[in-house]
1. For T159, T132, T197, what's the largest-to-smallest order of accessible area, 1.4 Å probe?
2. Return the ratio Rg/(2.2 N^0.38 Å) for the range 110-196, where Rg is computed over Cα atoms only.
3. Under a GNM of the chain (C-alpha, springs under 10 Å), which listed residue has the highest mean-square fluctuation: E49, E82, E65?
4. Got the relative contact order for the range 135-214 handy, in percent, Cα pairs under 8 Å and 6 or more residues apart?
5. Where does the chain land at 222 nm, in deg cm²/dmol rounded to the nearest 500, when only DSSP H runs of n ≥ 4 count, each adding -39500 (n - 2.57), divided by all residues?
6. I need the P(r) histogram for the chain: all alpha carbon pairs, bin width 5 Å from 0 out to the longest distance, whole percents.
7. Starting at 0 and stepping by 5 Å, how many percent of the alpha carbon pairs of the range 33-94 end up in each bin?
8. If I model a spin label at S44 and T132 as a point 7 Å from the Cα along the Cα→Cβ vector, what separation in nanometres do I get?
Amino acid sequence: MSYPKDESQKNPLNCKQVWEEMNEMLANTKMIRNYARCIQLGPSGGKEEGTNNSYTIKSDLFPVEALKVYSAYNLGDVIEEEERRKYFSAHRGGSQGDYRNGMKNKIENVVDCLSKYPKSKRAVITIPNTSTPSHVSDDDAKCMREIHFYLDDNVLNATVFMRAQAAENFPKNIHFIGSLMERIAENLQGKSGIKVTIGELFYLATTLVSVRED
């Protein structure tokens, strides 16, 4: 993926390195504005111990099963009610981290775009479904705002815009983004017969804090 890079983006970090960097930076300040990082989500990012990908970051708040359930839910997949009761909580993101509404259709739209126009600049998923949010409603205050997808030599890369990111919830968001990119890559491959892999994510958070309450 080619774009102008400052010193912080010349060498992409893997997901766990980014999470560690966030926590290290936030140890000295309560809030960081306009945090940006290029993150390697594909094979070059390595694999977390006990997983088959680089975007699974285990934590006390997010054990692996919780990550899988949240990502499945936000992808629009069916989850069991027992799983919802066991893993869903306000502390883990609540309605601000609920991206499920219309997601299956949004994924289909991106796949249709890139399968017909591989060089398109229009393969975009917008998360909020209202342009005039209520500022007293968490339902309207989605943390993830928009994701742009683009193909570079059969590698699917993306750019994500976050309104805000609590570092403690980064494992959940990056697992969803990685899972979303995998789903799109698989569907593109199914349509074209050409192997598509996931690559880099350019990640921007307007406001980075340690925990949701900050």
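1. If we order T159, T132, T197 from most to least accessible, we get T132, T197, T159.
2. 1.23
3. Greatest mean-square fluctuation among the candidates belongs to E82.
4. Relative contact order for the range 135-214 comes out at 38 percent.
5. So the helix-based figure for the chain works out to -10000 deg cm²/dmol.
6. 1, 7, 15, 19, 21, 18, 12, 5, 1, 0
7. 3, 15, 21, 20, 20, 14, 5, 1
8. Here the modelled spin labels are 4.6 nm apart.
The values are calculated or read from the model by the stated rules, or taken from the named source; none is laboratory data. Just so we're clear, the structure is a prediction, and the values are computed from it rather than from any experiment. In this analysis, Cβ positions are derived from the backbone assuming ideal geometry, glycine residues included, and neighbour counts consider all displayed protein chains. The protein model used for the area step is the full one, side chains on, heavy atoms only, and it has no ligands, DNA or RNA in it. Shrake-Rupley method; radii C 1.70, N 1.55, O 1.52, S 1.80 Å.
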